[in-house]
Structures are given as structure tokens and as C-alpha cells.
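K.L.:
Here's a structure for you.
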Amino acid sequence: MDKLKVAIGCDHAGLHYKEAIIDYLKFRGIEYDDMGTYTPESCDYPVIARKVCEKVIHNEANRGILVCGTGIGMSIVANKVHGIRAALCGDTYSARVSRAHNNANVLCLGSRVIGEHLALDIVDTWLKTGFEGGRHKKRVDMIE
Ligand code: RB5
């Protein structure tokens, strides 16, 4: 899969941010799969994280984005899925380097931690940055 395709998910705490990110993806013409949650009702972040990660693992999406209140729950779950390299980012530098050095395939965001505009900047940076490979490839391979 060469073309960018994003699987996106959130819990109740991340719903508004997910909607804002989806608006951004539409604006940029990026294909996406919305894996929920779809309502403000309380739900369990592990269920959503698993759905998004499975999309990535099965090559039905090449990147995943997960939003919860802190981003922590989502990142803990995502990093338990074999083949997922999830980066919890609260700044654009980390977002860029998580792609360039770690080849992160899932981005986690905390809606109660960072502002919406920063979250969108992080998403923009993260989606635009490629993996540098080279000396970083050996290290990423060691994770597997
Ligand atoms: C929900 O209240 C909150 O616990 C969840 O969104 C997340 O922050 C967990 O890591």
C-alpha cells in the first residue's frame, strides 16, 4: 500500500479531537477508516486501540491515530500489539522524530493534555514525515 491510508479511533474523551483530525484528513484528501467511538458515551479505550492497530497490522491502513484523554491508555494498548510502534506525542519535534527514527506507525494524542491546534500540527507533521532508514533501520528491526 503506497498511498497514505489512516485508521483513526478515540474514546469518549477524544471524540472532538478525532472529529477535528478527520476534518483535516478530508481537507488533505487523505483516505481514512473511522473505527469509533462515534458518540460521547463512555467507552473502553482498549477496544478501540485494538481495532485501529489490527487495521495497521493487516495492511488495511498504513498509519493509525488514537486519541484518548491522556493518550497514555491508547499507547499502552497499541504497543502491546506485535508490529505496532506507537508514539505518544505532545510536541511536533517528537512527532517528526518518531517517524524519522522510530518509524512509528501509530500516533497517540491526549485531548486533555494538549490543545486542539497543537494536536492538528502534530498530526500534520507526523503524516508528512518519512522514515529515514539507515542506522535507524537496524534499531527498529531489533524491536521485532
Ligand atoms: C477516560 O476518562 C480516560 O481515562 C481515557 O481517555 C484515557 O486518558 C486513558 O488513558
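K.L.:
How large is the Kirkwood hydrodynamic radius of the chain, counting all unique pairs of alpha carbons, in Å?
P.N.:
After inverting the mean inverse Cα-Cα distance, the result is 14.7 Å.
K.L.:
Counting only helical runs of four or more DSSP H residues, what would the 222 nm mean residue ellipticity of the chain come to if each run contributes -39,500 (n - 2.57) and the total is spread over all its residues?
P.N.:
The helix contribution divided over the chain gives -13500 deg cm²/dmol.
K.L.:
Label point 7 Å out from Glu132 along Cα-to-Cβ: which residues of the stretch 66-109 have amide N under 16 Å?
P.N.:
Those under the cut-off are 93-104.
K.L.:
Here's something else I'd like to know. How many Å³ per residue does the convex hull of the Cα positions in the stretch 79-141 occupy?
P.N.:
Looking at the stretch 79-141, the number lands at 72 Å³ per residue.
K.L.:
Right, another one. Output the Cα-based Rg and Dmax of the stretch 7-69 in Å, rounding Rg to one decimal and Dmax to a whole number.
P.N.:
Every Cα atom of the stretch 7-69 included, Rg and Dmax give 11.0, 30 Å.
K.L.:
If you place +1 on the Cβ of every Lys and Arg and -1 on the Cβ of every Asp and Glu, how big does the dipole about the Cα centre of the chain come out, in debye to the nearest 20?
P.N.:
580
K.L.:
Simple spin-label model, 7 Å along Cα-to-Cβ: Leu118 to Tyr38 in nm?
P.N.:
It is 3.2 nm.
K.L.:
Determine, for Glu54, Glu144, Glu132, the number of other Cβ atoms within 10 Å of each Cβ, and report the residues in order from fewest to most.
P.N.:
Glu144, Glu132, Glu54
K.L.:
Per 0.36 nm of contour for each residue apart, how much would the distance between Lys3 and Ile72 grow if the chain were fully extended, relative to their Cα-Cα spacing?
P.N.:
Contour length minus Cα-Cα distance gives 22.0 nm.
K.L.:
Could you derive backbone 3J(HN,Hα) for the stretch 5-13 from the dihedral phi with the Karplus parameters 6.51, -1.76 and 1.60 (θ = phi - 60°), listing whole Hz in sequence and x where the residue is Gly or Pro?
P.N.:
Residue by residue, the stretch 5-13 yields 9, 10, 9, 10, x, 7, 9, 4, 5 Hz.
Values in this text are rule-based calculations from the coordinates and carry no lab data. Because the structure is predicted, anything quoted here is derived from the model rather than measured. When we count neighbours, we look across all protein chains shown, and the Cβ atoms used for this are built from the backbone with ideal geometry, even at glycine.
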